[in-house]
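Accompanying notes for the structure given below.
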Amino acid sequence: MRHTLPLAPQFYVTAPQTCPYLDGRRERKLFTALQGEHANTLNNTLSKQGFRRSQNVLYRPSCADCSACLSARIAVKGFAPSKSQKRTLKRNAALTREATSPWATEEQYELFRRYLDSRHADGGMADMDVFEFAAMIEETPVKSRIIEYWDRTNPEGHELIATCLTDVLDDGLSMVYSFYDPDRTRHSLGTYIILDHIRIAKEAGLPYVYLGYWVPGSNKMGYKANFSALEIFRGGEWQALGEVQDYSADTHPLSVDPIAEQVARISLPDTRAPKD
């Protein structure tokens, strides 16, 4: 007997835990499994509704009294780099890019550990070992790539200085997770990775680069507002960011709709087989 996964995904909610972005907050996520033959289709559909992928799970913030986290993407056609971003591109012009299948390497893990120890030593991923790192990179049921950036000017040998795990959606690139050499602060590598992904998307004719969540009031996530043509998913639709000061990170008990209403408004792909 052939067993198939249900076409309609089941949604769940995590237990509240400490928010990694805003002090004194509790975060909660709405999530569903990403698996089976329709995984790519589901990833494409839910990414357009503010969801993000982590291995074989799609999730979206669903906190009880806070709606500060907003999914963000760059509209490639309307993007124009700022003066400082142009300098960042020029400063990193000697780097070479390699795009490969999602396969973890020792060089990646070494760079990942240096990045975490320097930038996120108290974060939720701080204790991730090499096996968990490999799972993060390799356990993907969708079309994904590892984008590596190498410094080949070092006479002592080629050096991996930045890496990004990237999903290829039907309308853009989704930057799942990136990390880089924490000692090269003047190179603004985090900004450079985003700028290069905009370039890749433009070359591929893809209209968007998905950045994850923009969080007003968060030092960790506020940098995304520095990119022009930024759109955020708010009120069930994508809209131009507008003025940053118009957004609030204040809590309110009615700021988030009940889970049942949130799930009811999620559009799901039609994965039924066509009739003959």
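The values are calculated or read from the model by the stated rules, or taken from the named source; none is laboratory data. Treat the numbers as computed from the prediction; the structure is a model and nothing was measured. Using ideal geometry, Cβ is built from the backbone for each residue, glycine included, and neighbour counts are taken over all protein chains shown. Heavy atoms of the whole protein, side chains included, go into the accessibility calculation; ligands, DNA and RNA do not. Shrake-Rupley method; radii C 1.70, N 1.55, O 1.52, S 1.80 Å.
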Has the range 61-70 got at least one residue that is at pLDDT 95 or above and either open to solvent by 50 Å² or more (accessible area, probe 1.4 Å) or part of a strand (DSSP E or B) (or both)? no
Matching residues in the range 237-269 - criterion: being open to solvent by less than 100 Å² (accessible area, probe 1.4 Å), under 30 Å from LYS77 (Cα atoms) and either at pLDDT below 85 or not in a loop (DSSP other than H, G, I, E, B) (or both): TRP238, GLN239, ALA240, VAL244, TYR247, SER248, ALA249
Restricting attention to the range 134-144, does a residue exist that is open to solvent by 90 Å² or more (accessible area, probe 1.4 Å), part of a loop (DSSP other than H, G, I, E, B) and more than 29 Å from TYR208 (Cβ to Cβ)? no
Name every residue in the range 161-184 that is surrounded by fewer than 18 Cβ atoms within 10 Å (Cβ to Cβ) and of a type outside the set (Phe, Trp, Tyr), in order of residue number. ASP170, ASP171, PRO182, ASP183, ARG184
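Listed here are the residues, each with its yes/no results for (1) farther than 24 Å from TYR21 by Cα; (2) over 14 Å from the mean Cα position of the chain (by Cα); (3) hydrophobic (A, V, I, L, M, F, W, C); (4) assigned to a loop (DSSP other than H, G, I, E, B).
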site	(1), (2), (3), (4)
ASP170	yes, yes, no, yes
PHE179	no, no, yes, no
ASP183	no, yes, no, yes
TYR192	no, yes, no, no
VAL209	no, no, yes, no
GLY217	no, yes, no, yes
LYS224	no, no, no, no
All but one of (1) modelled with pLDDT of 90 or more; (2) over 28 Å from ALA134 (Cβ atoms); (3) touching a Ser or Thr at 6+ places or on another chain (Cβ under 8 Å) hold for SER47; state the number of the condition that does not hold. (2)
When you go through (1) assigned to a loop (DSSP other than H, G, I, E, B); (2) at pLDDT 95 or above one by one for ASN154, which number turns out not to apply? (2)
Can you name the number of the only condition in (1) over 23 Å from LEU241 (Cβ atoms); (2) open to solvent by less than 60 Å² (accessible area, probe 1.4 Å); (3) among the polar types (S, T, N, Q); (4) part of a helix (DSSP H, G or I) that ASN40 fails? (2)
At pLDDT below 95, surrounded by 15 or more Cβ atoms within 10 Å (Cβ to Cβ) and either within 21 Å of SER71 (Cβ to Cβ) or hydrophobic (A, V, I, L, M, F, W, C) (or both): is that true of TRP214 in this structure? yes
Residues (β-branched (Val, Ile, Thr), touching a helix residue (DSSP H, G or I) at 6+ places or on another chain (Cβ under 9 Å) and open to solvent by less than 30 Å² (accessible area, probe 1.4 Å)) located in the range 185-211: ILE194, ILE198, VAL209
Hits in the range 77-101 - residues which are part of a loop (DSSP other than H, G, I, E, B), out of contact with any helix residue (DSSP H, G or I) (no Cβ under 7 Å at 6 or more places or on another chain) and within 17 Å of THR153 (Cβ to Cβ): ALA93, ALA94, LEU95
